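Trainee: If you scroll down you'll find the structure; I have some questions about it.
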Amino acid sequence: MALCSSDGALALPSELIVHIFSFLSDRDKLRASAVCSRWRECLFYPALWTELKLRVGGGTNGGGSGSEQTPRLEFLMRKFGSFVRELQLELAPLDGCLSPLQHGVDAVESDPQFAKDAMVTYLDQVLCVLGSLRNNRNLQKLSLYGDTCILQDDGILDSSYLSQVDQGGKKMKEIQQLFEEILSNSRQLKWLSSAFMLGVVTPCSLASLSNSSTSSLEHLSLIDSQLPSLISSIELERLTNLRSLSLDFCNFTSDMCRLLAGGDRAPLHRLSLLLNGAALDVKPLDGTTTEDDWKALVRRSTNLRVYIMAMDVCSQDLLRVLKPSVPLERIHLDSYSTPVTDGVLELISQQYHKTLSHFILMRDEAGFPDLSVNRNEDPLVLLAWRCVHLAVLIIHGYTVWSHNLVAISRLRGSNLKVLEVSEESIDFDPDQSVYIEGDPVHNLVKEVSLGLGRVWHPSMDNSVVLNEPTQHFHREMQSFSAGM
């Protein structure tokens, strides 16, 4: 309050007020702007708001329903859309329309009006964002993610349903046109990402990218599980300075891989691939990269690292895609009904022992398969032993024996920065408990903590290990690519 309590403070030049604002957090900027009109006028100076990170919808953040957040979104985009340099936006259209007592699919089935309201809100919010960005020539980073998995999984996004909320597809067409306008008007775009954004990107969208942005673009991610490839080899050829790429695994063809291995373009540093087992019927693995393709790409891009997420993919298909020459750094195996076999883990630990740093093994289904059955050595222990750079290990839905968990902690020690194992995944060998005094859980916590060199506990909150796979892929891809 003292900032505007004197004539001297009121007489501060705008440049100095903006300079003071630059040292404040976003929340403190808003508080300071409430002191007087002079300071409030300086709040929206473009230099203070070069980056925006927004999540709209999703009642868990206390922001209310999706439709209630629309006015806030409109205000922010009206103020910043024309000049913001970096925009990261996550839209959760369905979750924001559900009450806390309702859960995704059940709520949709009991009252389809929820989904209709969600879709209307989603379309309006996307139009708001893209409309505000259409003339922004300073945009350098655009990252969009749509949390629409529940809608897609339950057939709510079929044509008959969409026609009820968007007659004639007018809003969809306008959204696609606005997105193409943003690309054509851009002058220095470096990061372009759109994941599961219903109706935003088409296979023709990338052709609208301006010539200046084709030279500046370093990261590209266009993923929509319901559409064919959104990135063609012809368009990829224009992006000569691309250093990071994210796409559907089935769309990463031999032709595309050979193009990226060409000597007339910048080496690729990061490659994120999403493999969805449910889509393999319409997107087969035929024509995807071969071992020779990977070898050629690695020869050209010696610093290349790869992140793969496989959702509900059978072990036979996993063995097909995990080529020996893939420089795999991170892998996430997520399934509902198709458990991973010990043979897949054996292959991963043998082929990628020099590069693997992140391993996530998830299964959201009743029953906890034991991958160590009929084996002398547990495959998870072998993975920890062989993969000398392993830093992140997350497990849920598979049996992890307590003594093997202790062995893993001792093998990797303090270098294992993240060890998340859900409590219900841990089992205790009754034969070994005879030789251990006291509570077995307490002893396990003690031994693993000693092995890691820090306090450790089993994961009690499943939300830590069980989250929406597509959201996890998007966020992991973001951090993975940002580190190039």
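Trainee: Search the structure for amide H atoms under 5 Å from the amide H of L222, placed 1.01 Å from N in the peptide plane, and list their residues when 5 or more places away or on another chain.
Mentor: Close amide H contacts, sequence-distant or interchain: S194, S246.
Trainee: Here's something else I'd like to know. Please give every one of the lysines within straight-line cross-link reach of K295, meaning a C-alpha to C-alpha distance under 17 Å, and leave out same-chain neighbours fewer than 8 residues apart.
Mentor: In chain and number order, the partners are K323, K354.
Trainee: Specify the angular offset, from 0 to 90 degrees and rounded to the nearest 10, of the alpha carbon long axis of helix 440-452 from the longest principal axis of the alpha carbons in the chain.
Mentor: Once rounded, one gets 70 degrees.
Trainee: Calculate how steeply helix 66-80 sits against the longest principal axis of the alpha-carbon atoms of the chain, using the helix alpha-carbon long axis, and give the answer as 0 to 90 degrees to the nearest 10.
Mentor: For 66-80 against the chain, the angle is about 60 degrees.
Trainee: If you don't mind, there's one more thing I want to ask. Only Cα pairs under 8 Å and at least 6 apart count here; give the relative contact order of the chain as a rounded whole percent. Write out the running numbers ahead of the final one.
Mentor: On the way: 855 pairs, mean separation 37.7, N = 484.
About 8 percent, as a whole number.
Trainee: Taking the Cβ of S409 as the center, what net charge do the other residues with Cβ under 13 Å away carry, scoring Lys and Arg +1 and Asp and Glu -1? Could the numbers behind the result be given before it?
Mentor: Numbers: positive: R410, R412, K417, K446, R454; negative: E420, E447.
Value of the local net charge: +3.
Trainee: What value, in deg cm²/dmol to 500, does the helix sum -39500 (n - 2.57) over DSSP H runs of n ≥ 4 give at 222 nm once divided by the residues of the chain? Mind showing how you got there, number by number?
Mentor: Working: 21 runs with 193 residues, N = 484.
The helix-only estimate for the chain comes to -11500 deg cm²/dmol at 222 nm.
Trainee: Long-range amide H contacts for S335: which residues qualify at under 5 Å (H placed 1.01 Å from N, peptide plane, sequence gap of 5 or more or a different chain)?
Mentor: Here the answer is D312, M362, R363, D364, since their amide H atoms fall under 5 Å of that of S335.
Trainee: Right, next: Which one of S229, M256, L285 is farthest out on the positive end of the charge dipole of segment 217-286, using unit charges on Cβ (Lys, Arg +1; Asp, Glu -1) and the Cα centre as origin?
Mentor: Sorting the options by dipole projection puts first M256.
Trainee: Oh, and also: Quick one: longest stretch of the chain between exposed loop GluC sites (Glu not before Pro), exposed meaning at most 16 other C-beta atoms within 10 Å and loop per DSSP? Don't skip to the answer; put the middle values down first.
Mentor: Values: sites that count: E365, E377, E437.
Counting at most 16 other Cβ atoms within 10 Å as exposed, the longest clean stretch of the chain is 1-364.
Trainee: Would you mind computing the Rg to Rh ratio of the chain from its alpha-carbon coordinates, Kirkwood style for Rh?
Mentor: Rg divided by Rh gives 1.01.
Trainee: Using only alpha carbon pairs under 8 Å that are at least six residues apart, calculate the relative contact order of segment 330-484 and give it in whole percent.
Mentor: Once normalised by length, the contact order is 21 percent.
Trainee: Also, I was wondering about something else. Could you tell me which residue out of V441, S186, Y398 lies farthest along the dipole of the chain toward its positive end? Charges go on the beta carbon: Lys and Arg +1, Asp and Glu -1, centred on the Cα centre.
Mentor: The residue sitting farthest along the positive end of the dipole is S186.
Trainee: Now, a different point. For the chain, find the longest principal axis of its Cα atoms and tell me its angle to the long axis of helix 291-300, 0 to 90°, nearest 10.
Mentor: That helix lies at roughly 60 degrees to the long axis.
Trainee: For segment 246-317, state what percent of all Cα-Cα pairs lands in each successive 10 Å bin, counting from 0 Å until the bin that includes the largest distance.
Mentor: Histogramming segment 246-317 at 10 Å steps yields 19, 52, 25, 4 percent.
Trainee: Still on this model: Dipole of segment 231-308, Cα-centred, from +1 at each Lys and Arg C-beta and -1 at each Asp and Glu C-beta, to the nearest 20 debye?
Mentor: Details: 10 positive and 10 negative charges, 94 e Å.
It comes to approximately 460 debye.
Trainee: Right, here's the next one. Roughly how many debye, to the nearest 20, is the charge dipole of the chain about its Cα centre, given +1 on each Lys and Arg Cβ, -1 on each Asp and Glu Cβ, and no other charges?
Mentor: Numbers: 43 positive and 59 negative charges, 528 e Å.
Magnitude of the dipole: close to 2540 debye.
Trainee: Right, next: Please compute the contact order of segment 176-321 in relative form: average sequence separation of alpha-carbon pairs under 8 Å and at least six residues apart, divided by the residue count, as a percent.
Mentor: Values: 247 pairs, mean separation 28.2, N = 146.
Reported as a whole number, the value is 19 percent.
Trainee: Taking N as the number of residues in segment 367-484, what is its Cα Rg relative to 2.2 N^0.38 Å? Could the numbers behind the result be given before it?
Mentor: Numbers: Rg = 15.1 Å, N = 118, 2.2 N^0.38 = 13.5 Å.
Working it through for segment 367-484, the quotient is 1.12.
Trainee: Return P(r) of segment 198-351 (all Cα-Cα pairs; 5 Å bins starting at 0; whole %; ordered from short to long distances).
Mentor: Distribution as computed: 2, 9, 18, 22, 20, 14, 9, 4, 1, 0 percent.
Read-outs throughout are calculated quantities, based only on the coordinates presented, and are distinct from any laboratory measurement. Just so we're clear, the structure is a prediction, and the values are computed from it rather than from any experiment. For neighbour counting, all protein chains shown are included, and Cβ atoms are generated from backbone atoms with ideal geometry for every residue, glycine included.
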